[in-house]
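The values are calculated or read from the model by the stated rules, or taken from the named source; none is laboratory data. Everything numeric here is computed off the predicted structure, so don't read it as measured data. Cβ placement follows ideal geometry from the backbone for every residue including glycine, while neighbour counts extend to all protein chains displayed.
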Amino acid sequence: MAKTIEEINERIKKGEAVVLTADEMTRFVREEGAAQASKKVDVVTTGTFGPMCSSGAFINLGHSDPPMKMHRVWLNDVPVCADLAAVDIYIGATALSDTEGMNYGGGHLIEDLLKGKWLRLKASAIPTDCYPRREIQTYINLESVNEAFLFNPRNAYQNYVCATNGSDRTLYTYMGVLIPGYGNVTYSSAGALSPLLNDPYYRTIGVGTRVFLGGAPGYVAWHGTQHRPSVERTPRGVPVGPGGTLSLIADMKKMSHEFIRAARFHRYGVSLYVGIGVPIPILDEEMASFTGVGDDEIYTYIYDYSEPTRSRKPLKKVSYAELHSGNVEIMGKKAITAPISSIRMAKRIAQVLRDWIKSGEFLLTEPVQKLPTEGTLNTLEIRDRGEG
């Protein structure tokens, strides 16, 4: 018999809900079947922890006396976006320091704020009658600002590709260091723990879905940028390749730096590791089947990152079980496989979210709008100015 989110929430409030992590659910479904799982399990918790460059934080700094409309702003010598209202700023995770370059950036600012550190603020302005101040230098921390919340335009890729390097030189990329001659293969996914792989057609995940973001309750604000769910799928509906994405929001003042970490990719730049967990309500047998997916049923493609992006062809299709084994055969040789995301942290996030739900402190929400099931991914062309 089908269940509703409202009924599941009532069971959570009474302390009666059966909540499993995604890896526990995979074992349960394989041992007892999806039909039994749908009757016995109420919620499955997922998790992922990896570099998510399209992330950042909105901060309201508070007004100085006399006030100023900030035009250029730096935190610890990292330029941040001030093209908003007078003292609103946006810290982009990949912004780089003017003085330290690739060694320090926006991701570090966000982590430092969560650690309670003081950041050096420098700002300049074009004075106006209502905002006469021209410049300011001071220090801020997470407690001294009015509001601080993560708003991440693209997180939690449903699936992603693997990277290798067929050239004769080392490549330094957002997928890590790639060794020449197909020496290694890197990947970035939690596989069977990954949120959108457990709800491949977005039956329960949509705008307004309550999630775990960086150790705090948050929400799906919209579909993420580069959301392209209409990719190749397995017979079970699992995307082979990037697929869908989520735009997420949550209060930084409730987060923990355990689940938000700055990252520096050698000779590439700065990023932010983001911890995300999404609860999947088991409404019926189909949802039980979806959440029972295993790493041996999830596939992606290996691409040669030494080739130009538009002409890359997949070299091989592999399962996450193969990737987790430590090596795969590619172009006639064994290549070492290595994740740039953390499976250990993904499991921890799923477990923390499970505990929140079981204790009754985290209830599920109905989506107020479904995520798109179609999407496009255009490329930027160099064009003459169009007419009209």
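Pick from Arg236, Arg228, Arg261, Arg267: which is surrounded by fewer than 24 Cβ atoms within 10 Å (Cβ to Cβ) and closer than 30 Å to Gly332 by Cβ?
Numbers: Arg236 fails: closer than 30 Å to Gly332 by Cβ; Arg228 fails: closer than 30 Å to Gly332 by Cβ; Arg261 fails: closer than 30 Å to Gly332 by Cβ.
So the residue among Arg236, Arg228, Arg261, Arg267 that is surrounded by fewer than 24 Cβ atoms within 10 Å (Cβ to Cβ) and closer than 30 Å to Gly332 by Cβ is Arg267.
Between a first residue in region 311-326 that is more than 15 Å from Tyr182 (Cα to Cα) and a second residue that is among the small types (Gly, Ala, Ser), which pairs have beta carbons less than 8 Å apart while being 6 or more apart in sequence or on different chains?
Every condition considered, the pairs that remain are Tyr320/Ser189; Tyr320/Gly191; Tyr320/Ala192; Ala321/Gly294; His324/Gly191.
Might you check whether a residue that is surrounded by fewer than 17 Cβ atoms within 10 Å (Cβ to Cβ) and within 24 Å of Leu113 (Cα to Cα) occurs anywhere in region 239-249?
At the first step, the residues of region 239-249 found to be surrounded by fewer than 17 Cβ atoms within 10 Å (Cβ to Cβ) are 249.
Narrowing further to those that are within 24 Å of Leu113 (Cα to Cα): 249.
Checking region 239-249: at least one residue is surrounded by fewer than 17 Cβ atoms within 10 Å (Cβ to Cβ) and within 24 Å of Leu113 (Cα to Cα).
Just one of the numbered conditions (1) within 22 Å of Asn155 (Cβ to Cβ); (2) in contact with a Gly (Cβ under 7 Å, 6 or more places away or on another chain) is not true of Phe58; which one?
(2)
Across region 129-155, what is the total count of residues that are in a loop (DSSP other than H, G, I, E, B), under 32 Å from the mean Cα position of the chain (by Cα), surrounded by 15 or more Cβ atoms within 10 Å (Cβ to Cβ) and not β-branched (Val, Ile, Thr)? Lay out the reasoning, then the answer.
From region 129-155, those in a loop (DSSP other than H, G, I, E, B) are 129-134, 141-146; that's our starting set.
Retained after the next criterion (residues that are under 32 Å from the mean Cα position of the chain (by Cα)): 141-146.
Now narrow it down to the ones that are surrounded by 15 or more Cβ atoms within 10 Å (Cβ to Cβ): 142, 145.
Those left that are additionally not β-branched (Val, Ile, Thr): 142.
Number of matching residues: 1.
Among the residues of region 1-33, write down those that are within 26 Å of the chain's Cα centre (by Cα) and β-branched (Val, Ile, Thr).
Hits for region 1-33 are Ile5, Val19, Thr21, Thr26.
Tell me yes or no: at least one residue of region 286-308 is in the same structural domain as Glu258 (by TED's automatic domain parsing), surrounded by fewer than 13 Cβ atoms within 10 Å (Cβ to Cβ) and either touching a residue at least 40 places away in the same chain (Cβ under 8 Å) or of a type in the set (S, T, N, Q) (or both). It would help to see each step written out before you state the result.
At the first step, the residues of region 286-308 found to be in the same structural domain as Glu258 (by TED's automatic domain parsing) are 286-308.
Applying the additional criterion that residues be surrounded by fewer than 13 Cβ atoms within 10 Å (Cβ to Cβ) yields 308.
When the remaining residues are screened for being either touching a residue at least 40 places away in the same chain (Cβ under 8 Å) or of a type in the set (S, T, N, Q) (or both), the result is none.
Within region 286-308, not a single residue is in the same structural domain as Glu258 (by TED's automatic domain parsing), surrounded by fewer than 13 Cβ atoms within 10 Å (Cβ to Cβ) and either touching a residue at least 40 places away in the same chain (Cβ under 8 Å) or of a type in the set (S, T, N, Q) (or both).
Check Ile126, Ile110 and return the single one that is of a type in the set (A, V, I, L, M, F, W, C), assigned to a helix (DSSP H, G or I), at pLDDT 95 or above and not assigned by TED's automatic domain parsing to the domain that holds Gly269.
Working: Ile126 fails: assigned to a helix (DSSP H, G or I).
Only one candidate passes the filter, namely Ile110.
Take residues that are over 20 Å from the mean Cα position of the chain (by Cα), closer than 27 Å to Gly33 by Cα and among the hydroxyl-bearing types (Ser, Thr, Tyr) and tell me which of the strands (runs of 3 or more DSSP E) falling wholly in region 221-338 contain 1 or more. Talk me through it step by step, then tell me what you get.
On the way: elements: 246-251, 260-265, 269-277, 279-281, 299-304, 316-319, 327-330.
Of the strands (runs of 3 or more DSSP E) lying wholly inside region 221-338, those with at least 1 residues that are over 20 Å from the mean Cα position of the chain (by Cα), closer than 27 Å to Gly33 by Cα and among the hydroxyl-bearing types (Ser, Thr, Tyr) span 316-319.
When region 199-218 is examined, which residues are found to be part of a strand (DSSP E or B) and either surrounded by fewer than 17 Cβ atoms within 10 Å (Cβ to Cβ) or in contact (Cβ under 8 Å) with a residue 60 or more places away in the chain (or both)? Let's see the steps before the verdict.
Initial filter on region 199-218 (part of a strand (DSSP E or B)): 206-207, 210-213, 216-218.
Hits for region 199-218 are Gly206, Val207, Arg210, Val211, Phe212, Leu213, Pro217, Gly218.
Could you list, in sequence order, all residues of region 91-113 that are surrounded by 24 or more Cβ atoms within 10 Å (Cβ to Cβ) and closer than 17 Å to Tyr139 by Cβ?
Ile91, His108, Leu109, Ile110, Leu113
Go through (1) free of Cβ contacts under 8 Å to residues at least 60 places away in the same chain; (2) more than 21 Å from Ala163 (Cα to Cα) for Val278 and report which single condition fails.
Every listed condition holds for Val278 apart from (1).
Please verify whether Gly50 is loosely packed, with under 14 Cβ neighbours inside 10 Å, outside any helix (DSSP H, G or I) and touching a residue at least 24 places away in the same chain (Cβ under 8 Å), treating the condition exactly as stated.
Numbers: loosely packed, with under 14 Cβ neighbours inside 10 Å: no; outside any helix (DSSP H, G or I): yes; touching a residue at least 24 places away in the same chain (Cβ under 8 Å): yes.
So Gly50 fails the test.
Looking for whichever is under 24 Å from the mean Cα position of the chain (by Cα), in the same structural domain as Ile260 (by TED's automatic domain parsing) and farther than 16 Å from Tyr303 by Cβ here; the options are Tyr172, Tyr160. Which one fits? Reasoning before the result, please.
Working: Tyr160 fails: farther than 16 Å from Tyr303 by Cβ.
The match here is Tyr172.
Determine, yes or no, whether Thr48 is in contact with a Ser or Thr (Cβ under 9 Å, 6 or more places away or on another chain) and of a type in the set (S, T, N, Q).
Working: in contact with a Ser or Thr (Cβ under 9 Å, 6 or more places away or on another chain): yes; of a type in the set (S, T, N, Q): yes.
Against the criterion (in contact with a Ser or Thr (Cβ under 9 Å, 6 or more places away or on another chain) and of a type in the set (S, T, N, Q)), Thr48 qualifies.
Identify, from the list Asp296, Asp304, the residue that is in contact with a Lys or Arg (Cβ under 8 Å, 6 or more places away or on another chain), closer than 30 Å to Leu171 by Cβ and among the acidic types (Asp, Glu). Explain how you work it out, then say what you get.
Working: Asp296 fails: in contact with a Lys or Arg (Cβ under 8 Å, 6 or more places away or on another chain).
Step by step, each of Asp296, Asp304 is checked, and only Asp304 is in contact with a Lys or Arg (Cβ under 8 Å, 6 or more places away or on another chain), closer than 30 Å to Leu171 by Cβ and among the acidic types (Asp, Glu).
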